[in-house]
Amino acid sequence: MSKNSKVLNLKDKISGNELDLSLCNLTEVPVRELAFFTKATVLDLSCNNITSLPPEFCNLTHLVKIDLSKNQLTGLPDDLGNLDNLQHLDLYNNKLTELPVSFSQLKSLKWLDLKDNPLEPGLAKAAGDCLDEKQCKQCATKVLQHMRGIQEEVDRAREKRLLREKELEKKREAKQREREARVKEARKREKAEEKEKRRKEYNAQVAAAAAREQQKKKNEEKKKKNGQVAADKKVVISAPKPQRSLVGLIFKLLLLLCLGLAGVAAACRLTDLQKEAMCVPVNLAVNDGLSWAKEQEVVVRQLLSNLSSAAREFFESARASEN
């Protein structure tokens, strides 16, 4: 309750089901205290200085009749439509220009007075004059119809707004899905590229291994061929060795024999052994050999002379034929 209120005890203001707080110089409505008097269904707040009603006022749903005439109200709470049981509402001589949209929800309202308020033209036309009981009842009916029309417009506007918001939300979701799809596609492409890169690396490794294996086989085949050729050469070359070795051995034996005989002959002719019995046949053989050699020397000289004469005749005949 306001500090300026002269109401000290609400119980003193109750008479039956009516709570009379008129002419109390109130600037605020004592909503908290009124909530305890649910049996008081008629509330008279006329002829005060109330400028506004608190939101909690809409919780007084037990009220059936409210008189707020001759106050300074410039507006009513947005949830005024919560007063489901309200049938009679007197707003005469205030400063109202419009009513809350929820006013259309006052389905029990049967009597309404909006005279002497600076109402906006559409609402003023719906309210009419309200000069008697009948006109005030018509005012309630027409104002409710007018407010229902406004409510429908508000609902349509809200639906349009919600529809726009839904469309915007769908667009945002579509953009978000598109971004996610792009990101997913980029990741998929990266994975595919990475997989392709690994596949190429693997193929390159396999190809390199195959090339190495092929080269290895070629080298082995080459080595085998070279080995076979070398073996063939070795066989070919080494085959005559036994013959050369045998010839050489024989030659060596003959040479040793000749050297031995020459040594024996020299020893028998040049040393004191020439008088020995074993050197006699040797010396005879040497003498015979020397005699044979002298005889052969004459033959060789005669042969060389014949060859020289034949050669000279050949060259002379050849020179003559050229001329």
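Laboratory data are not the source of any read-out in this text; all were calculated from the coordinates shown. Since this is a predicted model, take the numbers as computed values, not measurements. Here the Cβ positions follow ideal geometry from the backbone for every residue, glycine too, while neighbour counts run over all protein chains shown.
One table, with the values for the structure above:
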{"read-out": "Extreme residue, nearest to the chain's Cα centre (by Cα), among residues of region 117-141 that are surrounded by 14 or more Cβ atoms within 10 Å (Cβ to Cβ), of a type in the set (A, V, I, L, M, F, W, C) and in a loop (DSSP other than H, G, I, E, B)", "value": "L119"}
{"read-out": "Residue list for region 72-86, filter: loosely packed, with under 15 Cβ neighbours inside 10 Å and closer than 16 Å to N117 by Cβ", "value": "Q72, T74"}
{"read-out": "Matching entry among S108, S104 (being hydroxyl-bearing (S, T, Y), more than 55 Å from the chain's Cα centre (by Cα) and assigned to a helix (DSSP H, G or I))", "value": "S104"}
{"read-out": "Condition broken by P55, with the remaining ones in (1) within 60 Å of the chain's Cα centre (by Cα); (2) buried (at least 20 other Cβ atoms within 10 Å of the Cβ) satisfied", "value": "(2)"}
